[in-house]
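Here's the structure, in structure tokens; my notes come after.
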Amino acid sequence: MRNDAAVQAMLDHFFDPDTVKHYAEGPRRFVPGFADLHRMTSILLAEHAPQDARVLVLGAGGGLELKSMAETAAGWTFVGVDPAAEMLKLAERILGPLSARVQLQQGYIDDAPDGPFDAATCLLTLHFLDADERRRTAGEIHRRLKPGAPFVAAHSSFPQGARAQWLSRYAAFGIASGADPDKANGARAAVDKNLNLFSPEQDAQILREAGFKGVELFYAAFTWRGWIAYA
């Protein structure tokens with residue numbers, strides 16, 4: 001992961017207990033169809049994952065996608081990996097009784113078990129990584145999957161030739177969804193300055209270079225994109 005101060009400043013929010021308390025409000029306001037993205041993820045994984053699948057979830061802090069998938073597929077078990085201890089505590093609270101089917105691991109992809117896993121996800125996470133680290137991380141996910149296993153990735157990705165316009169739409173959607181205008185515009189400026197943002201074509205190519213096949217776009221909503229791919 002990049003260690004430059006700008007990106008680290010954004011990541012530090014996930015280590016702050018007061019910020020983490022309100023984490024769940026953000027994605028629902030800034031990511032169009034957030035709950036539907038989780039439902040689609042489960043549907044796509046279930047096309048190839050067995051009923052007793054073991055699923056790797058990278059960037060699992062907060063537990064929202066873990067909860068959605070666990071409720072959808074009663075036979076699946078999960079390993080959720082995240083570097084922020086506070087986010088993992090939140091995940092445990094959100095999961096409640098479902099946490100019996102989830103192993104939470106603090107760390108990054110290199111701290112994840114070797115598997116092999118039947119499926120994997122990485123939602124709203126890869127945009128924190130530069131191209132090389134994103135490719136390496138995707139490659140490490142690929143290495144931990146069984147041949148042909150599905151992988152769903154979704155993160156900020158949009159045409160960079162119209163970057164300012166798309167980021168304005170990002171903020172406008174948050175405001176229309178109830179976010180404080182000052183905070184929404186502050187988030188827009190932080191994303192513009194600090195995140196590693198690429199076009200959807202570049203992001204899909206990174207997945208291919210990491211070893212994934214059949215890379216297909218399944219989700220596109222303003223500044224967000226999601227792909228299904230196979231090991």
>> Being β-branched (Val, Ile, Thr), surrounded by 19 or more Cβ atoms within 10 Å (Cβ to Cβ) and out of contact with any Leu (no Cβ under 8 Å at 6 or more places or on another chain) narrows it down to one residue among 175, 206; which is it?
In response: 206
> Can you pull out the helices (runs of 4 or more DSSP H) entirely within segment 116-231 that have at least 2 residues that are of a type in the set (Phe, Trp, Tyr) and on the phi < 0 side of the Ramachandran plot?
Replying inline: 163-176
> in contact with a helix residue (DSSP H, G or I) (Cβ under 7 Å, 6 or more places away or on another chain), of a type in the set (A, V, I, L, M) and either open to solvent by 10 Å² or more (accessible area, probe 1.4 Å) or under 22 Å from residue 59 (Cα atoms) (or both) - does that describe any residue in segment 134-144?
Replying inline: yes
>> Between a residue in segment 126-151 that is acidic (Asp, Glu) and any residue that is in a helix (DSSP H, G or I), which pairs come within a Cβ distance under 7 Å, given they are 6 or more apart or on different chains?
In response: 140/109; 140/110
> Counting only residues that are part of a helix (DSSP H, G or I) and either open to solvent by 10 Å² or more (accessible area, probe 1.4 Å) or closer than 15 Å to residue 151 by Cα (or both), how many does segment 60-87 have?
Replying inline: 10
> Looking at segment 5-56, what helices (runs of 4 or more DSSP H) fall wholly within it and have at least 1 residues that are at pLDDT below 90, acidic (Asp, Glu) and exposed (fewer than 14 other Cβ atoms within 10 Å of the Cβ)?
Replying inline: 5-12, 17-21, 25-30
>> Can you tell me which of (1) surrounded by 21 or more Cβ atoms within 10 Å (Cβ to Cβ); (2) over 29 Å from residue 115 (Cα atoms) is the one residue 194 doesn't meet?
In response: (1)
> Among the residues of segment 91-111, which ones are over 16 Å from the mean Cα position of the chain (by Cα) and assigned to a helix (DSSP H, G or I)?
Replying inline: 92, 93, 94, 95, 96, 97, 98, 99, 100, 101, 110, 111
> Say we look at segment 216-231 and pick out the residues that are hydrophobic (A, V, I, L, M, F, W, C) and open to solvent by less than 20 Å² (accessible area, probe 1.4 Å); which of these is nearest to residue 139 (Cα to Cα)?
Replying inline: 229
> Can you name the residue in segment 198-212 that is touching a strand residue (DSSP E or B) at 6+ places or on another chain (Cβ under 6 Å) and touching a residue at least 24 places away in the same chain (Cβ under 8 Å) and, of all such residues, is nearest to residue 129 (Cα to Cα)?
Replying inline: 207
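The values are calculated or read from the model by the stated rules, or taken from the named source; none is laboratory data. All values reported here derive from a predicted model rather than from experimental measurement. No Cβ is skipped: glycine too gets one built from the backbone with ideal geometry, and neighbour counts run over all protein chains shown. Protein only, heavy atoms only, side chains kept; ligands, DNA and RNA dropped before computing areas. Shrake-Rupley method; radii C 1.70, N 1.55, O 1.52, S 1.80 Å.
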